[in-house]
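Asker: Attaching a single structure in structure tokens format; questions to follow.
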Amino acid sequence: MRNKPKVLPFKRRREGKTNYKKRLRLLLSKKPRLVIRMTNQRIIAQLVEFQNTGDLVKVGVDSYQLKNYGWNFSLKNMPAAYLTGYLIAKKALASNISQAILDTGNKSVIKGNKLFAFLKGAVDGGLEIPHSEDLYPSEEKISGQHIGDYATKIKENTEVYQRIFSNYLKNKLDPTKMAEQFKKTKEQLEQLK
């Protein structure tokens, strides 16, 4: 009697890169997927449509593009996540896409994290995405006010302040004014049609 050949699952499943059951549920919605990926440097977001020949990216943004709208702080923190969500929503609406479904990939879904700051930005920007508002972080965290408050609190201890905010200080940015810059950048993004 011969041994049957062992059937291997798809390579992306074996490597833990794709959850095919979750992907199928997303595709059954028949809406474009709002894909968000976070790297060590920035946040990347794409609106992707399924096609038989392969996924088609309809709109894509990178948090690096926020520099064009006046954002000079971190490109991977919570305010940057919100602003990136807001930016992709504005670009999606300009491309006649008004609905999407959030695709988090294999990212852990934790209430109040950057992922949901991004989602709030996309919803505030005008995209219709099924979600629960209970998952959003506080407005203080979304605007970066908590970072400014912390910077103000430790400013007296110059050694710690300079170590924690060294990148901002090197670029002549005041971390206590992050919430103000957030507001100005959001106003710039609101002008997009």
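Here, each number is a calculation from the coordinates, and none is a lab measurement. Just so we're clear, the structure is a prediction, and the values are computed from it rather than from any experiment. Don't worry about glycine lacking a Cβ; one is built from the backbone with ideal geometry, like all the others, and counts go over all protein chains shown.
Asker: Only Cα pairs within less than 10 Å get springs; with that Gaussian network setup on the chain, which residue of Y136, Y20, Y161 has the largest fluctuation?
Answerer: Most flexible of the set in this elastic network: Y20.
Asker: Let's see if you can work this out: charge +1 on each Lys and Arg Cβ, -1 on each Asp and Glu Cβ, no other charges. What is the dipole magnitude of region 18-190 about its Cα centre, in debye to the nearest 20?
Answerer: 560 debye
Asker: While we're here: Rounding to the nearest 10 and keeping the result within 0 to 90°, find how far the Cα-based axis of helix 78-94 lies from the longest principal axis of the chain.
Answerer: 60 degrees
Asker: Something else about it: Given the convex hull over the Cα atoms of region 80-193, what projected area results after averaging over all orientations, in nm²?
Answerer: Seen from a random direction, the Cα hull of region 80-193 projects 8.3 nm² on average.
Asker: What number comes out for the charge environment of K76, summing +1 per Lys or Arg and -1 per Asp or Glu over other residues with Cβ under 14 Å away?
Answerer: Net of charged neighbours comes to +4.
Asker: Over what distance in Å are the Cα centres of region 81-109 and region 117-136 separated?
Answerer: 9 Å
Asker: Compute the Kirkwood hydrodynamic radius of the chain, taking the inverse of the mean of 1/r over all pairs of distinct Cα atoms, and give it in Å to one decimal.
Answerer: Value: 18.3 Å, from the Cα pair sum.
Asker: Below 8 Å between Cα atoms, with a sequence gap of 6+, how large is the relative contact order for the chain in percent?
Answerer: The normalised contact order for the chain reaches 20 percent.
Asker: Here's a follow-up. With all pairs of different alpha carbon atoms counted, what Kirkwood hydrodynamic radius in Å does region 152-193 show?
Answerer: 11.7 Å
Asker: Which of rounded, prolate or oblate describes region 1-82 when judged by the alpha-carbon gyration tensor and an a/c cut-off of 1.5?
Answerer: In terms of gyration-tensor shape, prolate.
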